[in-house]
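Please read the structure below before turning to the comments.
Each reported figure results from applying straightforward, stated rules to the coordinates on display, with no laboratory input. Everything numeric here is computed off the predicted structure, so don't read it as measured data. Here the Cβ is made from the backbone with ideal geometry for all residues, glycine too, and neighbour counts use every protein chain on show.
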Amino acid sequence: MTDALLEVRGLGKRFGGFVALEGIDLSIARGERLGLIGPNGSGKSTLVNCLCGTLHNETGTVVFDGKPIDGMIAHERTRLGLARSFQLPKPFHSMNLVDNIRIPLLYTVNARSGHHLSDAAIGERCMELLSDVGLADKARRRPRDLTQVEMRSLELARAVATQPTLLFADEAMAGLSHSEIEEILAVLLRLNEQGITIVLIEHIMSAVMSFSTRLAVLVAGHKIADGPPQEAIRNPEVERAYLGE
Amino acid sequence: MRAGVFWPIAVAVGVVFVVVSRLYLTNEYFYFAGYVVLEYIVLSTAWNILGGYTGYTNFGTGAFFALGAYSSAVLHKLPALLHTTIQVPLPAMILVGGIVSGIVGLGTGYLSLRLRGVFFAIATLALSIVAQTLIVNWDFVGGSRGIYIIRPTLAPLGGGYIQYLFTLMTGLAVLSVGIARSIERSRLGLGFAAIRDDEMAAEASGVPTLRLKLISTTLSGALMGMAGAPLPYYVTYLDPASSFNLAYAVNSVAMPVIGGMTSWIGPVIGAILLGTIQQLATVTISSALNLLIVGALLILFVIIAPNGIVGLVQSWRRRREAG
């Protein structure tokens, strides 16, 4: 019995004749900060989609927190503690920020046995989560009033509202300035300190290297490296994938 | 206003409306016209539960509505078939109509597993055509010839039968508006809105999207069926061409769009406005103008007020608050 929070064995996904992922083995330990990198089209987002239940893998098994979750649909995985933020922020546009956070609290936290937050407690928790990402003063605004970094923060706050044990942050820093990247990194580190295992899928190498305690590299649907960040990026296969022959 | 307060007020408004109309309206025409406007309130509110709250456009209103009507036609003929004189009361027919259309709504909900956006809308239109074809080929309910329905001679609750139909439709309008209002700020309503805004993000937030969509399609379909159930007794002649008429679908889309789709009051305003204008046009000019009026208003609102009358009022309020 290992202390792995997520165990992926031989995961494969095809889109027609195109092999998006093949034979992916991945083990993520509790409390870990895993960086997942790879060139565009390498299968990072597809892997996240398969693990979060948005897509269904044709081969392989996924065990989360000791439970096989193959065939489980997305919201059931979320309720188990597997959360994600999206590469392109997907806020609930018609609602203010409080309601954006209220939804995961109502449908995830309150759906778990033994938990039932009252309306007042949900309201307080919404404000707490928005404060954590610096959005408390915009709580009654709509997502359209937010800047890009605020939108990313809202995305993270909504994922955290599900009380996850594992969070996939899919390109949470794309398109942000250096100082904004630092802001998001600080949020992610704080979440990790609170006990949330985080998988950071990212192209910004400085952010990945400073954040991750381990690095996994995907190329053309295959995992080609997995280990300490400094070792992984010196792997000849990784260098070839990023820099060419 | 809390849902607990809203229901008694809605019921009280309905009762006062019926009592006042019974006291002061002596011309039967007003009941016929009022019945249609009330029917539109039910249809547009039902449509809005799926189309406005959940974001799935339904062009099959005619099918749900007509299935409710034909359920009543079947129940009307059933006693003769069973050699009994006991007639099924109209409220029971309304209940059965709601159940039949609700089941069809549930089936439609499963379409949303594979179909979204315009494809779902086209599928609901196809559903209407399939249902109409089945009825056209079902001799028991008159097939394409249609079926004559003789109203019972005695109307419960006193007054004529049209007053009775008017009272029942008022009850259905109160019921549908009350349900829509209760959903709006509930956990269910927030779940519907999450699906409308982004289905993938809703799932990722723990919202069981399929279950909620099934609830939405079933509820919406059931209310449409309930609105259609008294139709045979209103028209006294039921035929597929008029009961499955596309005008029901067009009206039930146009009314929430004109009134505003994000609030329970929007479809009510849209239904009263469009229903009244259409009734006025019918008696003053021609009923042939009805769809032209709907089309013109729809285009006008899509251009100048895409969020409907409710949206216009909300943005005016926001501007006033901003100073």
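Have a look at B:V207, B:F30, B:G221 and report the one farthest towards the positive end of the charge dipole of the stretch B:3-245, computed about the Cα centre with Cβ charges (Lys/Arg +1, Asp/Glu -1).
B:V207
For the stretch B:3-245, just the Cα set please: Rg and Dmax, both in angstrom.
Cα only, the stretch B:3-245: 18.6, 57 Å (Rg, Dmax).
When the Cα centres of the stretch B:167-188 and the stretch B:88-134 are compared, how far apart do they sit, in Å?
19
Please state the relative contact order of chain B as a whole percent: Cα pairs under 8 Å, 6+ residues apart?
Details: 502 pairs, mean separation 98.9, N = 323.
Taking the mean separation of contacting Cα pairs over the length of chain B, I get 31 percent.
So which trypsin sites (Lys or Arg not before Pro) in the stretch B:86-145 are both in a DSSP loop and have at most 15 other Cβ atoms within 10 Å of their Cβ?
Numbers: sites: B:R114, B:R116, B:R145; in loops: B:R114, B:R116.
Here the sparse-neighbourhood loop sites are B:R114, B:R116.
Please rank B:F244, B:F120, fewest neighbouring Cβ atoms within 10 Å first, as an exposure proxy.
Values: B:F244 25, B:F120 22.
Exposure proxy ranking, most exposed first: B:F120, B:F244.
For a quick size check, give me the Cα extents of the protein assembly as shown along its three principal axes, largest first, whole Å.
Principal-axis extents of the Cα atoms in the protein assembly as shown, largest first: 90, 58, 45 Å.
Placing unit charges on C-beta atoms (Lys and Arg positive, Asp and Glu negative, everything else neutral), compute the dipole magnitude of chain B about its Cα centre in debye, rounded to 20.
520
Would you list B:S263, B:S21 from fewest to most Cβ contacts within 10 Å?
If I rank by nearby Cβ atoms, fewest first, I get B:S21, B:S263.
Taking other Cβ within 10 Å of each residue's Cβ, how do B:I49, A:I24, B:I299 sort, fewest first?
Values: B:I49 31, A:I24 25, B:I299 10.
In order of increasing Cβ crowding within 10 Å: B:I299, A:I24, B:I49.
Cα centroids of the stretch A:65-116 and the stretch A:211-245: how far apart, whole angstrom?
31
Among the helices of chain B (complete DSSP H runs), which have Cα atoms covering no less than 18 Å along the helix axis and a Kyte-Doolittle mean of at least 0.5? Before the final figure, lay out each step's value.
On the way: long enough: B:3-24 (31 Å, 1.95); B:28-48 (30 Å, 0.73); B:61-81 (30 Å, 1.00); B:90-111 (32 Å, 1.74); B:117-136 (29 Å, 2.21); B:161-184 (34 Å, 1.15); B:209-228 (28 Å, 0.88); B:246-259 (20 Å, 1.47); B:265-284 (28 Å, 1.48); B:290-304 (21 Å, 3.07); B:308-322 (21 Å, -0.60).
Qualifying helices: B:3-24, B:28-48, B:61-81, B:90-111, B:117-136, B:161-184, B:209-228, B:246-259, B:265-284, B:290-304.
Please give the FRET efficiency for B:R185 paired with B:S287, using the beta carbon to beta carbon distance and R0 = 41 Å, rounded to the nearest 0.05.
0.60
Run through the stretch A:1-90 and list the trypsin sites (Lys or Arg not before Pro) located in a DSSP loop whose Cβ has at most 16 other Cβ atoms within 10 Å. Write down the numbers at each step before the final one.
Working: sites: A:R9, A:K13, A:R14, A:R30, A:R33, A:K44, A:R77, A:R79, A:R84; in loops: A:R30.
Listed in order of number, the matching sites are A:R30.
What is the total of Lys pairs in the protein assembly as shown with C-alpha atoms under 22 Å apart, excluding same-chain pairs fewer than 8 positions apart? Could you put the intermediate results ahead of the total?
On the way: A:K13/A:K44; A:K13/A:K67; A:K13/A:K223; A:K44/A:K90; A:K44/A:K223; A:K90/A:K138; A:K90/B:K213.
Counting lysine pairs in the protein assembly as shown gives 7.
With n ≥ 4 as the cut-off for DSSP H runs, can you work out [θ] at 222 nm for chain B, using -39500 (n - 2.57) per run divided by the number of residues, rounded to the nearest 500?
-24500 deg cm²/dmol
Would you mind telling me the antiparallel percentage of the DSSP bridges in the stretch A:4-243, rounded to 5?
55
Normalised by the residues of chain A, what does the relative contact order come to in percent, with Cα pairs under 8 Å and at least six apart?
With pairs under 8 Å counted, the relative contact order is 26 percent.
For the charge dipole of the stretch A:157-225, defined by +1 on Lys and Arg C-beta atoms and -1 on Asp and Glu C-beta atoms about the Cα centroid, which residue among A:V199, A:I224, A:M173 has the Cα displaced farthest towards the positive pole?
Towards the positive end, the residue furthest out is A:I224.
Using Cα-Cα distances under 8 Å and only pairs 6 or more residues apart, what relative contact order does the stretch B:94-210 have, in percent?
Relative contact order comes out at 15 percent.
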